Amino acid sequence: MPDSLMPETTSSDAPVRFDTKVALVIRADLAVWQKLNVAAFLATGIAAAAPEALGDEYVDGAGRRYGRMLGQPMMIFAADGGQLRAVRDAALERGLTLVPYVAAMFGTGHDAANRAAFRAEDPDAPDLVGLALRGPKKAVDKAVKGLALHR
């Protein structure tokens with residue numbers, strides 16, 4: 001198991017704790033389909049940025065193989081635009097892995113257009129609708145401090 005996924009405890013009765021944390025922060029006022037879309041894209045961004053965080057493939061009782069997933073939980077937080085920018089700034093200060101999603105990306109149809117839409121944003125005040133963060137647990141906790149879990 002990669003070091004970033006090594007649990008702090010290994011007893012089957014004890015909770016598994018990771019030295020890293022993944023947090024998705026999604027703007028609370030989006031339509032449900034938009035929230036789900038943003039969460040899916042952000043999760044793939046974390047998987048791409050941290051392939052060592054992927055667990056092993058799944059195999060069912062008949063031996064059929066299924067894809068891999070991140071080997072640790074992802075916490076999903078709600079925020080408004082100002083809070084998203086504050087989280088982004090805190091994550092940048094702490095050197096966390098950061099994956100952005102801006103409102104203009106809802107109007108694109110492919111990855112190159114998404115990157116162009118992001119690049120066109122004001123770098124100091126992008127119209128963020130979602131962010132994914134990954135890094136040391138304490139640093140992620142500080143970046144999302146004060147946010148409530150998404151409901």
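Considering only protein heavy atoms and a probe of 1.4 Å, how much of the accessible area of the range 20-149 is carbon and sulfur, as a whole percent?
Of all accessible area on the range 20-149, carbon and sulfur atoms account for 57 percent.
From the phi angles alone, apply the Karplus equation (6.51, -1.76, 1.60; θ = phi - 60°) to the range 120-130 and give each ³J(HN,Hα) in whole Hz, x where the residue is Gly or Pro.
6, 5, 5, x, 8, 8, x, 7, 5, 10, x
Loop-only check: which chymotrypsin sites (Phe, Trp or Tyr not before Pro) in the range 34-129 are DSSP coil with at most 13 other Cβ within 10 angstrom?
Within the range 34-129, no chymotrypsin sites (Phe, Trp or Tyr not before Pro) qualify (loop, at most 13 other Cβ atoms within 10 Å).
Can you give me the long-range amide H partners of V129? Hydrogens built in the peptide plane at 1.01 Å from N, cutoff under 5 Å, separation of 5 or more residues or another chain.
Y101, V102, A103
Tabulate in residue order the Karplus-calculated ³J(HN,Hα) for the range 42-57, using 6.51 cos²θ - 1.76 cosθ + 1.60 with θ = phi - 60°, rounded to whole Hz; enter x for Gly and Pro.
Along the range 42-57, the couplings run 5, 4, 5, x, 5, 4, 5, 6, 9, x, 5, 8, 6, x, 6, 5 Hz.
Do any trypsin sites (Lys or Arg not before Pro) in the range 42-102 lie in a DSSP loop with no more than 14 other beta carbon atoms within 10 Å, and if so, which?
Here the sparse-neighbourhood loop sites are R64, R68.
Using 1/(1 + (r/R0)^6) with R0 = 35 angstrom and r between the beta carbons of V59 and R115, what's the FRET efficiency to the nearest 0.05?
My answer for the efficiency is 0.50.
Given a 1.4 Å probe and the protein chains all in place, what does the accessible area of E57 round to, in Å² to the nearest 10?
Accessible area, nearest 10 Å²: 90 Å².
Any idea of D111's accessible area? Nearest 10 Å², probe 1.4 Å.
Accessible area, nearest 10 Å²: 100 Å².
Excluding residues fewer than 8 places away in the same chain, name every one of the lysines whose C-alpha is closer than 19 Å to that of K21.
Cross-link targets: K137, K138, K142, K145.
³J(HN,Hα) across the range 19-35 via Karplus (A = 6.51, B = -1.76, C = 1.60, θ = phi - 60°), whole Hz, x for Gly/Pro?
Karplus-based 3J(HN,Hα) across the range 19-35 equals 7, 10, 9, 10, 10, 10, 10, 10, 4, 5, 8, 6, 5, 4, 4, 5, 4 Hz.
Any idea of the accessible area per residue across the chain, 1.4 Å probe, to the nearest Å²?
59
The values are calculated or read from the model by the stated rules, or taken from the named source; none is laboratory data. The structure presented is a predicted model; accordingly, all values stated were derived computationally and were not measured. Using ideal geometry, Cβ is built from the backbone for each residue, glycine included, and neighbour counts are taken over all protein chains shown. Remember, those area values only see protein heavy atoms, side chains included, never the ligands or the DNA or RNA. Shrake-Rupley method; radii C 1.70, N 1.55, O 1.52, S 1.80 Å.
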